[in-house]
Amino acid sequence: MLKIKDLHVNVAGKEILKGVSLEINAGETHAIMGLNGAGKSTLANTIAGRDDYEVTSGSIEFMGKDMLEMEPHERVAAGLFLGFQYPVEIPGVSNLNFLRTALNSVRKQRGQDDMSAAEFMKLVREKAVLLGMDPDMLKRFVNVGFSGGEKKRNEMVQMAVLDPKLAVLDETDSGLDIDALKTVAEGINVQRREDTAVLLITHYQRLLDYVQPDRVHVMIDGRIVKSGGKELALELEEKGYADVA
Amino acid sequence: MDDAVIKSYEKQAEGLVGSVAGMDDLRAKAIRDFAAAGFPAAKSEDWRYSDLKPLRAKAFAPANHAGEKPEIPAAFTESAARFVFVNGRFSESRSDMGDLWQAASVRPLANHFMANPDRAAELVRGRDGVGMLNTALAKDGMVIAIPAGVEIDDPVEIIHIMTNAADCAAHTRHIIELGEGASAHIIERFIGDDATYWTNGMLQARVAEGAKLTHTRLQEEGANALHTTKAYVNVGAGGQYHACTLSLGAKMGRFEAYVRLMSDEGVATIDGVALAGTGQSLDTLTHISHTMPHTTSDQIFRTVADSRGKTSFQGKVTVDKDAQKVEADQSFKALVFDRTAEANAKPELEIFADDVKCSHGATVGDLDAKAIFYLTSRGIDPVTARQMLVEAFAAAALERIEIEPLRDALMARVGAWMAARKDKPIPDNK
């Protein structure tokens with residue numbers, strides 16, 4: 001599903017990713033672990049197509065297509081979802097309006113009609129409730145006045161509504177208390193099917209207790225230095241990054 | 001300024017003697033004042049952002065109105081009455097008095113002072129050449145007096161249409177009076193064709209104790225029009241004045257609001273949105289005077305300037321020495337789409353009392369790249385994303401509009417303005 005080959009990325013003129021290669025197949029859940037500054041978010045943002053992230057060499061293939069040729073909104077139509085580490089507040093735009101426009105934009109790109117208002121409301125409420133969000137919060141402006149945990153939960157609701165093929169979740173667990181963490185984990189687990197894949201980016205092992213990865217990769221200084229099964233995460237927890245690398 | 005221009009306006013003023021009962025002396029003085037003062041100098045503080053060269057260059061003739069058959073725009077909502085002015089002249093046949101005449105006193109300016117010519121002294125003179133010319137040359141307008149205790153729920157529309165009026169001007173003067181405890185909502189609309197015409201309007205209002213005046217303005221003049229309008233409002237004890245202005249049209253469009261909170265507990269809110277396309281200059285100047293204690297004012301302005309478009313906001317708030325416990329807030333935000341777009345902000349606070357709460361904020365910038373990316377990262381294309389953000393940006397200034405279909409209509413115009421720009425390349429602001 002996702003094939004990253006020898007990816008080099010500059011941010012503000014400085015090379016952050018120094019040759020990352022990664023392959024994720026449908027049905028798999030991967031975790032990338034690393035300390036702050038290792039390049040984990042850079043990888044996530046590059047996959048999503050953010051402007052300031054300059055790919056200097058390497059390639060990304062997604063669902064058989066050259067991802068670097070696609071605009072961010074096109075990547076979403078192709079089946080990508082990025083869960084942000086720091087979701088932005090958007091005053092004046094309600095969660096409902098945002099989600100409806102997003103969903104219909106994706107449908108339009110796929111040659112489908114807009115979803116009917118009734119169907120949409122049903123879908124959104126269902127997902128909100130599933131993820132422990134008070135449906136009233138849907139009327140509020142995107143992330144405005146939301147606590148850290150509520151913002152992360154909002155990311156999960158958006159993911160559930162958009163139903164992506166590949167979910168790249170950047171530090172989705174940070175700032176969550178144990179209850180919120182469990183709810184988010186459930187949302188992620190529901191997302192895991194034969195035809196979908198999940199890439200978790202985290203530096204705490206905690207989330208991986210609830211969302212058990214198939215593969216774990218360790219990222220240090222812009223490169224993936226080691227890959228293994230889920231035991232690798234435990235090893236990192238016990239020994240620290242320096243020792244494991 | 002060209003002598004010929006002054007002479008032309010002097011002649012026009014002479015020609016208006018006798019046209020509005022009670023105004024002759026006022027006119028004579030106003031045209032003398034204008035001849036002495038001329039139009040505001042380019043360097044004058046209040047007019048520094050507005051280019052008055054077209055007004056200095058030649059005199060604008062009185063607009064003709066006979067025989068014009070313009071299309072009247074549909075109302076946004078149920079109206080109490082609709083008054084239509086074509087090229088500055090009240091058109092009875094196109095207007096609809098509705099039921100308003102049963103509840104309030106409504107007269108065209110031409111008849112208003114007939115019974116009481118002394119009341120003409122209540123007319124605001126106009127502090128600058130533009131206002132003086134309005135006083136000298138106004139020959140029509142609406143005079144609406146709502147008696148004490150009467151609440152007019154549906155809005156009253158005053159529609160100004162300019163058609164086939166190239167190089168002509170319309171000077172109108174409206175007078176709105178609300179008795180104690182009365183309430184009314186006036187919607188002023190300005191539309192016109194592509195000719196180079198000049199709309200020079202003034203509205204003066206008195207809001208008595210406990211009364212509430214809501215004032216919405218939709219300026220959609222033609223692309224080559226000059227639009228200069230002023231509102232003078234006096235608010236009595238516990239009275240309220242709520243204004244919202246959306247400026248979209250005109251080559252040079254300017255709205256000035258002068259509000260005096262004359263007695264305790266008066267409230268004034270002035271909000272607005274200005275969207276300046278390429279080559280347009282849209283200016284707003286407000287001056288709210290808190291002369292008495294416990295008065296409140298709040299202003300929310302949002303402007304957007306496209307390439308080579310210009311907006312300006314000058315917001316002056318004065319708080320007199322005895323006006324304690326006053327709360328006055330201002331929030332001005334401007335978006336500029338690229339380096340050629342211009343936005344000017346000049347908040348001014350003059351506070352002479354010592355127990356007050358005043359705040360002001362003015363920012364100029366472009367759309368938040370992080371917000372745009374957040375939207376595109378959810379599948380929304382960049383053009384739609386920008387439109388959503390600009391709509392959200394402007395919405396803050398339209399929130400106080402209580403009539404939903406009216407607010408929706410104004411929001412729709414913001415959306416349409418952005419949608420019209422969808423094929424323009426998105427500038428790289430780096």
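Only one of the listed residues (B:Glu157, B:Glu177) is charged (D, E, K, R) and within 15 Å of B:Gly201 (Cβ to Cβ). That residue is B:Glu157.
Of the strands (runs of 3 or more DSSP E) contained entirely in region B:175-242, those carrying at least 1 residues that are touching an Asp or Glu at 6+ places or on another chain (Cβ under 6 Å) and under 16 Å from B:Ala145 (Cα atoms) fall at B:183-192, B:198-207.
For region B:380-405, the set of residues classified as in contact with a His (Cβ under 9 Å, 6 or more places away or on another chain) and in contact (Cβ under 8 Å) with a residue 12 or more places away in the chain consists of B:Pro382, B:Ala385, B:Arg400, B:Ile401, B:Glu402, B:Ile403, listed by residue number. For region A:138-162, the set of residues classified as out of contact with any helix residue (DSSP H, G or I) (no Cβ under 7 Å at 6 or more places or on another chain) and over 16 Å from A:Leu181 (Cα atoms) consists of A:Phe141, A:Val144, A:Gly145, listed by residue number.
Restricted to region B:70-97, and to residues there that are without any contact (Cβ under 8 Å) to a residue 24 or more places away in the chain and assigned to a loop (DSSP other than H, G, I, E, B), the residue that is farthest from the chain's Cα centre (by Cα) is B:Ser93. When A:Gly175, A:Gly92 are checked against the criterion of being at positive phi and part of a loop (DSSP other than H, G, I, E, B), A:Gly175 stands alone in meeting it.
For A:Tyr86, the criteria (1) away from chain B (no Cβ under 12 Å); (2) under 22 Å from A:Leu207 (Cα atoms); (3) not in a strand (DSSP E or B) hold in every case but one, which is (1). Pick from B:Phe85, B:Phe60, B:Phe76: which is under 30 Å from B:Gln280 (Cα atoms) and in contact with a Leu (Cβ under 6 Å, 6 or more places away or on another chain)? Exactly one residue qualifies, and that residue is B:Phe76.
Within region B:243-264, the set of residues being assigned to a loop (DSSP other than H, G, I, E, B) and either modelled with pLDDT under 95 or small (Gly, Ala, Ser) (or both) comprises B:Gly249, B:Ala250, B:Met262, B:Ser263, B:Asp264. Residue count for region A:95-110 under the criterion of being crowded, with 21+ Cβ neighbours inside 10 Å and either in contact with a strand residue (DSSP E or B) (Cβ under 8 Å, 6 or more places away or on another chain) or outside any helix (DSSP H, G or I) (or both): the result is 2.
Checked against the criterion of being under 17 Å from the mean Cα position of the chain (by Cα) and either crowded, with 20+ Cβ neighbours inside 10 Å or not aliphatic (A, V, I, L, M) (or both), the candidates A:Leu181, A:Leu236 yield just one match: A:Leu181. Test A:Asp113 against the stated conditions and say whether it is free of Cβ contacts under 8 Å to residues at least 24 places away in the same chain and either within 9 Å of chain B (Cβ to nearest Cβ) or touching a strand residue (DSSP E or B) at 6+ places or on another chain (Cβ under 8 Å) (or both). No; evaluated as a whole, the condition is false for this residue. Within region A:50-64, the residues that satisfy the criterion of being away from every other protein chain (no Cβ under 14 Å) and within 18 Å of A:Ala167 (Cβ to Cβ) are A:Ile60, A:Glu61, A:Phe62, A:Met63. Scanning region B:46-68 for residues that are farther than 24 Å from B:Leu16 by Cβ and without any contact (Cβ under 8 Å) to a residue 12 or more places away in the chain gives B:Arg48, B:Lys53. Of all the residues in region A:117-139, those that are of a type outside the set (Val, Ile, Thr) and under 25 Å from A:Glu74 (Cβ atoms) number 4. Taking the criterion of being farther than 25 Å from A:Glu235 by Cβ and either assigned to a loop (DSSP other than H, G, I, E, B) or polar (S, T, N, Q) (or both), the residues of region A:178-196 that qualify are A:Thr183, A:Gln191, A:Arg193, A:Glu194, A:Asp195, A:Thr196. Does B:Gly266 qualify as being of a type in the set (Gly, Ala, Ser) and surrounded by fewer than 22 Cβ atoms within 10 Å (Cβ to Cβ)? Answer is no for this residue. Residue by residue through region B:311-334, note down the ones that are under 25 Å from B:Leu248 (Cα atoms), of a type outside the set (Gly, Ala, Ser) and buried (at least 24 other Cβ atoms within 10 Å of the Cβ). Residues satisfying the conditions are B:Thr311, B:Phe313, B:Gln330, B:Phe332. As a summary of the residue check, B:Asp338 satisfies the conditions (1) at pLDDT below 95; (2) within 14 Å of chain A (Cβ to nearest Cβ) except for the one numbered (2). Condition check: part of a strand (DSSP E or B), of a type outside the set (D, E, K, R) and surrounded by 15 or more Cβ atoms within 10 Å (Cβ to Cβ). Does B:Val124 satisfy that? It is false that B:Val124 is part of a strand (DSSP E or B), of a type outside the set (D, E, K, R) and surrounded by 15 or more Cβ atoms within 10 Å (Cβ to Cβ). Each residue in region A:140-176 was checked for being among the polar types (S, T, N, Q), in contact (Cβ under 8 Å) with a residue 60 or more places away in the chain and away from chain B (no Cβ under 13 Å), and 2 pass. Of the residues making up region B:15-31, those that are within 19 Å of B:Leu123 (Cα to Cα) and exposed (fewer than 14 other Cβ atoms within 10 Å of the Cβ) are B:Val17, B:Gly18, B:Asp25.
Only one of the listed residues (A:Met121, A:Met137, A:Met115, A:Met133) is at pLDDT below 95, outside any strand (DSSP E or B) and farther than 26 Å from A:Leu208 by Cα. That residue is A:Met137.
Collect the residues in region A:173-188 that are within 20 Å of A:Val124 (Cβ to Cβ) and touching a Phe, Trp or Tyr at 6+ places or on another chain (Cβ under 9 Å), keeping them in residue-number order. Hits for region A:173-188 are A:Val184, A:Glu186, A:Ile188. Would you call A:Ala77 facing another protein chain (nearest Cβ under 9 Å) and in a helix (DSSP H, G or I)? Considered against the rule, which asks whether it is facing another protein chain (nearest Cβ under 9 Å) and in a helix (DSSP H, G or I), A:Ala77 comes out as yes.
The values are calculated or read from the model by the stated rules, or taken from the named source; none is laboratory data. These figures come from a predicted structure and were not determined experimentally. All Cβ positions, even for glycine, are placed from backbone atoms using ideal geometry, and neighbour counts span all protein chains on display.
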